[in-house]
Amino acid sequence: MKFRKEIIIILLVLVSLYSCNKSDDRLAVSSNNSDNKNALIESKVEDLLSKMTLEEKIGQMNQYNGFWDLTGPAPSEGAGAKKYEHLRKGYVGSMLNVRGVEDVMAVQKIAVEETRLGIPLIIGFDVIHGYETLSPIPLAESASWDLEAIKKSAEVAAEEAAAAGINWTFAPMVDISRDARWGRVMEGAGEDPFLGSRIAEARIKGFQGEDLSDPKTIAACAKHFAGYGFAEAGRDYNTVDVGTSTLYNTILPPFEASTRIGVRTFMNSFNELNGIPATGNKFLQRDILKDKWNFDGFVVSDWGSITEMIAHGHAKDGKQAAEMAANAGSDMDMESYLYVEELAGLVKEGKVDEKLITDAARRILRVKFELGLFDDPYKYCDLDREKATLGKQEFHDAVLDVAQKSIVLLKNENNLLPLKKGNQKIAVIGALANDKTSPLGSWRIAAEDETAVSVLEGLKQYNGNEIVYAKGADVSTGETVFAKELTINTKDKSGFAEAKSIAKTADVVIMVLGEHGFQTGEARSRTEIDLPGVQQELLEEVYSVNKNIVLVLNNGRPLALPWADEHVPAIVEAWQLGTQSGNAIAKVLYGDYNPSGKLPMSFPRNVGQVPIYYNYKSTGRPNEPAPGEVFWSHYTDQSNTPLYPFGHGLSYSKFEYSDLSVQANNVEKTVTVSFNLKNDSKLKGKEVAQLYIQDLFASVTRPVRELKGFELVELEPGEEKRIEFALTEEELGFYDNEGNYTMEPGEFKVYVGGSSITVLEDKFDLQWEISQ
Ligand code: NOJ
């Protein structure tokens, strides 16, 4: 069988080589069978490489920013001025931040029609949570734990972006982070590597589809490789210092999962790892990614990260930085302009092996072939398609669906929610309630301001209740470096009186408070993670006249809100939910969608607890000792537990867990965990049932709990289902400090429930060895 397959591949290669030489469409690929297609692509890549000069290969490794939007520091005067000249010479392989069919067409035409070999550009863009029609920010979407909805949201993003000329997104960000101060937590899937891996897979499948040459799909990019989410003290771009066990067991798994699902590109990161910047890190990019994981796509640097190795104190100048990055396996230079300037010289001096240049160009060309760019370089450049696709109603329906699923009900005392429909006076308070821009969140370059449905607009669609609104106070935009911030007086309390007066006579007060959409994201770290400006004071003042408050939070990171938790009866985590934000929030508040979201990150009681995460290690002094004993691992002024744990989220239904059974089958090498889940209420609802394990004693210590399974279960009122999970060595093992996956026989605990603070627990004894 194998032999026959090889013969077919050889024949195909010969046929394709023949047709390459012969016709005008020498670079086109057309076959449906994926093995044949891969062989064809490989042969065409090799054929093309054989015709390229060293400079043209290096050209493929060069990526320039477009001419308008900047998503990194502005290049110095004159740098990049050679863009057009280089484009015409075939010294540019990719551009980012060129968008819209007309503009993409303009640069693509130069690459295809004016360069010697006519190699099309790959066009990259940060399609992080949509293009023009926006889904919730990724952290919010992760709170849905709904992999189908997350995949659908990436599909929508891909289709819309592809119609606007883009064929490569710099997403998903698969960095695990435990630090709410870090502004980029909004862009990831939270603190857990298991959940993070499943979400990474869903997003990649959504972006890339089944076949990258489908014009509705785009190439995805797993970023930032690696460790970026562990920036010290949550300050963006800061030094990272993690141990090997954390690297292998927490940071790398979502990246490895991304390669397994077939992600086509990686982006490296700004941070260093063990003193070596990730961009110049051979251990990460060659040893692990390309050798151990067999990744055959390409790695793009982050914005200017090759040059930044000088500031890191690793490379002494641009030339050495280019040498280090290329040797370490960074295939494409984003905005450092160093490959195009330095690599040819470095090859001639023998400092960079030409084979590495050819390998990088091969990887880049491979992805371009897979995208079908050689079949039709303008396949993403159809003006009619762009017009018909952007903002389609079905996209709005899809982003509304995932937005409602992303909302997390944190607290609901006395069933204040859902709101009654009719004969209610509702006071709506907070600048964010009337904001049509902030819900779009960070990373929304292609979406116009004021295009989100505000909470107020969403609520007003529900007739029957009287709605009155007062701003109360402004929210900081977080754009402290831009003049915009200066026009907003975030200390102004002059709106408090009006807010209190409408609250006084209301049946229910909905307060929409939190962060502005630009207060999280890249370069937007905070040292305080409470309500910015005077919003906390506003909340307390309003509470003094009416305690019936529903606090709707808009934020891009976990916030520490102990006062609200203690006093406010209902709290709804509504993040930044994208274009359909207000509609999604209104549906949840009125009970037209029964909330089902669960937190993907722990919410601390105060910033001093950060980093705080559920899968911590047991210390030598873990348990609260006898009263008066001080020598145990704790704070003297705050408890060790979070305000809201990972996995927490309520519903208007009530779920009961019972009858846990754990069966270890040491012959079949599976542990079967099953339990009953009952909807003990009169409302249909959904619950994310969660399964955690603890490997009690191991050669490398294991966390007190590790998520190893979850299922989103929908239950009719009164319905009960038996839920079953099978644990295999995929879930039961861990990485040792050499990075080898291992599993150790012995005692394990199993925990089951609706959050990481689980309700059922059992044990099993694992008696088999890992298969080699
Ligand atoms: C810098 C960011 O770190 C990265 O995630 C992004 O994709 C690039 N800029 C391009 O905008």
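Values in this text are rule-based calculations from the coordinates and carry no lab data. Just so you know, these numbers come straight off a predicted model, no measurement behind them. A quick note on method: Cβ atoms are made from the backbone with ideal geometry, for glycine too, and the neighbour counts reach across all protein chains shown.
For Ala171, neighbours were defined as the other residues whose beta-carbon sits under 10 Å from its Cβ, and their charges (Lys and Arg +1, Asp and Glu -1) total 0. Rounded if a/c is under 1.5, else prolate if a/b is larger than b/c, else oblate: which is the chain, with a ≥ b ≥ c the root eigenvalues of its Cα gyration tensor? It comes out prolate by the Cα gyration axes. What the phi angles of region 647-660 give under the Karplus curve with 6.51, -1.76 and 1.60, with θ = phi - 60°, is a coupling list of x, 6, x, 9, 9, 7, 8, 10, 10, 10, 9, 7, 6, 5 Hz, glycine and proline written as x.
Loop-resident GluC sites (Glu not before Pro) (DSSP state other than H, G, I, E or B) in region 522-573 with no more than 16 further Cβ atoms inside 10 Å of their Cβ: Glu528. Applying both filters, DSSP loop and at most 11 other Cβ atoms within 10 Å, to the trypsin sites (Lys or Arg not before Pro) of region 634-699 gives Lys682. As a length-normalised measure over Cα pairs under 8 Å and 6 or more apart, the relative contact order of region 655-766 settles at 31 percent. Approximating the spin labels as points 7 Å out from Cα along Cα→Cβ, the Tyr378-to-Asp659 distance works out to 6.5 nm.
Label region 164-219 by shape, choosing from rounded, prolate and oblate, from the square roots a ≥ b ≥ c of the eigenvalues of the Cα gyration tensor; if a/c is under 1.5 it is rounded, and otherwise prolate applies when a/b is larger than b/c, oblate when it is not. Taking the square roots of the gyration eigenvalues as a ≥ b ≥ c, region 164-219 is oblate. A cut-off of 5 Å between modelled amide H atoms, ignoring neighbours fewer than 5 places along the same chain, links Tyr644 with Phe603. Using only side-chain charges placed at the Cβ, +1 for Lys and Arg and -1 for Asp and Glu, the dipole size of the chain relative to its Cα centre rounds to 520 debye. Pairs of Cα atoms nearer than 8 Å and 6+ residues apart set the relative contact order; for the chain it is 13 percent.
Using θ = phi - 60° in the Karplus curve 6.51 cos²θ - 1.76 cosθ + 1.60, the 3J(HN,Hα) couplings for region 406-422 round to 8, 6, 10, 7, 7, 7, 7, 7, 6, 6, 4, 9, x, 5, 6, 9, x Hz; x is entered for Gly and Pro. Each Lys or Arg adds one and each Asp or Glu subtracts one; over the other residues with Cβ under 12 Å from the Cβ of Val340, this totals -3. What the Cβ-Cβ distance of Thr358 and Glu730 gives, at R0 = 35 Å and to the nearest 0.05, is a FRET efficiency of 0.45. In region 655-766, a dipole from Cβ-located charges (positive for Lys and Arg, negative for Asp and Glu) runs towards its positive end, and of Thr670, Leu727, Gln690 it is Gln690 whose Cα lies farthest in that direction.
From the square roots a ≥ b ≥ c of the eigenvalues of the alpha-carbon gyration tensor of region 404-609, which class results: rounded (a/c under 1.5), prolate (a/b over b/c), or oblate? Note, shape of region 404-609 comes out rounded. Within region 38-99, none of the trypsin sites (Lys or Arg not before Pro) combine a DSSP coil assignment with at most 13 other C-beta atoms in a 10 angstrom radius. Across region 242-248, rounded Karplus estimates of 3J(HN,Hα) from the backbone phi angles (6.51 cos²θ - 1.76 cosθ + 1.60, θ = phi - 60°) give 10, x, 4, 5, 5, 4, 6 Hz, Gly and Pro being marked x.
With K and R counted +1 and D and E -1, the other residues having a Cβ less than 13 Å from that of Ala311 yield a net charge of -2. Ordering Trp768, Phe631, Ala154 by Cα displacement along the dipole of the chain toward the positive end leaves Ala154 in first place; charges were set at the Cβ atoms of Lys, Arg (+1) and Asp, Glu (-1).
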